[in-house]
Every structure is written in C-alpha cells, then in structure tokens.
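Down below is the structure, laid out as structure tokens.
The values are calculated or read from the model by the stated rules, or taken from the named source; none is laboratory data. Predicted, not measured: the structure shown is a model, and the values here were computed from it. Here the Cβ positions follow ideal geometry from the backbone for every residue, glycine too, while neighbour counts run over all protein chains shown.
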Amino acid sequence: MTSQTAGDELVAVVQELHSRGLNRGSSGNCSVRISQQNYLITPSGIPSTSVDSTMLVNGDVDGDEPTTTSTLRASSEWRVHRDIYRSRPEVSAIVHVHSVYATSLACLRRDIPAFHYMVAVAGGADIRCAPYATYGTAELSANVVHALRGRTACLLANHGLITVGSSLPDALDVCTEVEALAQQFMIAISAGEPKCLDSREMAEVIGKFASYRQQRRSVMR
C-alpha cells in the first residue's frame with residue numbers, strides 16, 4: 001500500500017467513525033502503518049469532518065514526536081501509537097475513540113468480562129481497562145501497551161477505547177463491536193450481575209474466532 005493510498009484510507013476511517021457516532025468533533029485519533037518503520041497519524045485539534053490526507057503526519061517507530069513542515073502537530077496521543085507499533089510488529093492500524101458506552105465503562109474503571117461470547121472479538125476472555133494516566137504521557141502509553149497484551153482492544157480509564165488490527169478495516173470493526181458490547185454490558189449491569197462464560201467456554205470461542213479471522217484476511221487480500 002502506498003503512502004497516498006494509506007492516507008486516503010485513514011481519512012475515510014476517521015470520517016466513518018464520525019458517521020457512526022464513535023467520535024465527535026476533534027476527539028480521538030487514528031493511525032496506519034505504511035512500513036515497519038513508519039506510520040501516518042491524524043493531526044491534533046482538527047474536527048473529523050475536516051481532516052484530509054494532506055494533514056496527516058508521518059511518524060517513526062523509533063523516533064520522538066512526529067514533525068511536519070506545516071503548522072499542524074500530530075495527535076497528542078502519538079506516543080501511544082508509536083509504542084504500540086514498536087511492541088506489536090503485527091499491528092498495522094490503530095483506532096482510538098471517545099465513544100459513549102466504552103467511555104462510560106472506562107469512567108467506572110471496569111474491565112469487560114466474558115458476559116457475552118463476542119468479547120472474544122478482542123482476542124481473549126475479557127477486555128481490560130488500562131489504569132488512568134494523563135493523556136499524551138509516557139505513563140499512559142505504557143499502561144495501554146500492557147493492557148493490550150494478547151488483545152486487540154482495551155479501555156482507557158476515564159478516557160476512552162483503543163483498538164488495533166492488521167488493517168484499518170480490522171481495527172474499525174473491533175472498535176464497533178466493542179462499543180456495542182460496552183452498551184450491552186452497561187444495560188446488563190444496570191439490571192443485575194451478568195452470568196459470565198467460564199474459561200473453557202471462552203477458550204472454545206476464541207479458537208473459533210481465530211479460524212474466522214484467518215479466513216476473513218485470506219478473502220480480503
């Protein structure tokens with residue numbers, strides 16, 4: 001994928017997040033890897049509906065804050081994106097949102113347990129909530145990288161949701177699924193304590209999901 005093609009796809013995903021109500025205004029951020037060493041990331045403070053490919057900032061997996069010749073700066077969460085790419089070579093795209101239900105759960109600092117088998121969409125038997133740290137800090141980045149171990153999604157305490165994938169469509173799909181799960185879990189806990197699936201039941205589901213993802217990627221190539 002060329003840098004231009006990746007940039008166009010990234011802008012399309014940013015606007016799709018807005019259309020689905022997963023981000024509003026200039027909240028959230030996204031990125032896509034254009035090589036093992038480099039990635040494109042959305043700019044800081046620009047509303048989703050106004051972002052275009054000329055505004056994207058090129059980052060280096062081994063570098064510091066991405067720079068640009070324009071007055072635009074990379075998203076304040078560039079460090080989280082860089083560190084995920086650095087620690088997860090298989091990840092090619094990252095989506096970060098402040099969606100209503102996932103953020104509400106994050107403000108409760110609650111993991112999403114195996115209340116529904118679709119929790120396995122994030123790669124494991126639960127979806128963790130990373131401990132709180134100020135946005136844009138190295139501490140937050142470390143917390144997120146840890147919470148994402150073996151997962152493709154995690155909540156960020158008092159902040160939002162982040163998902164990763166082998167492509168932008170993958171990361172977007174997981175984001176949409178987790179937001180729906182967060183909504184379902186919020187409704188369930190408002191009525192009582194959900195009965196969660198046990199480790200054996202979730203292991204069976206995770207195995208099925210692994211073969212599903214492999215088939216989906218094969219078809220999409």
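Annotation note: Cβ proximity below 9 Å between a residue of the stretch 22-38 that is without any contact (Cβ under 8 Å) to a residue 60 or more places away in the chain and a residue that is of a type in the set (A, V, I, L, M) and in a strand (DSSP E or B) (sequence gap 6+ or interchain) occurs for Ile34/Leu40.
For the condition in contact (Cβ under 8 Å) with a residue 24 or more places away in the chain, part of a helix (DSSP H, G or I) and either among the hydroxyl-bearing types (Ser, Thr, Tyr) or touching a Leu at 6+ places or on another chain (Cβ under 9 Å) (or both), Val11 qualifies.
Can you confirm whether Ala102 is among the aliphatic types (A, V, I, L, M), within 19 Å of Cys175 (Cβ to Cβ), in a helix (DSSP H, G or I) and more than 13 Å from the chain's Cα centre (by Cα)? Answer is no for this residue.
For Cys107, the test of being buried (at least 23 other Cβ atoms within 10 Å of the Cβ) and either modelled with pLDDT of 95 or more or within 21 Å of Leu156 (Cβ to Cβ) (or both) is failed.
Yes/no per residue for (1) at pLDDT below 95; (2) among the polar types (S, T, N, Q); (3) touching a strand residue (DSSP E or B) at 6+ places or on another chain (Cβ under 6 Å):
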| residue | (1), (2), (3) |
| --- | --- |
| Asn158 | no, yes, no |
| Leu161 | no, no, yes |
| Ser167 | no, yes, yes |
| Val174 | no, no, yes |
| Glu177 | no, no, no |
| Ala182 | no, no, no |
| Lys195 | no, no, no |
| Gln214 | yes, yes, no |
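Taking the stretch 130-183, which residues are of a type in the set (D, E, K, R) and in a helix (DSSP H, G or I)? Glu139, Asp170, Asp173, Glu177, Glu179, listed by residue number.
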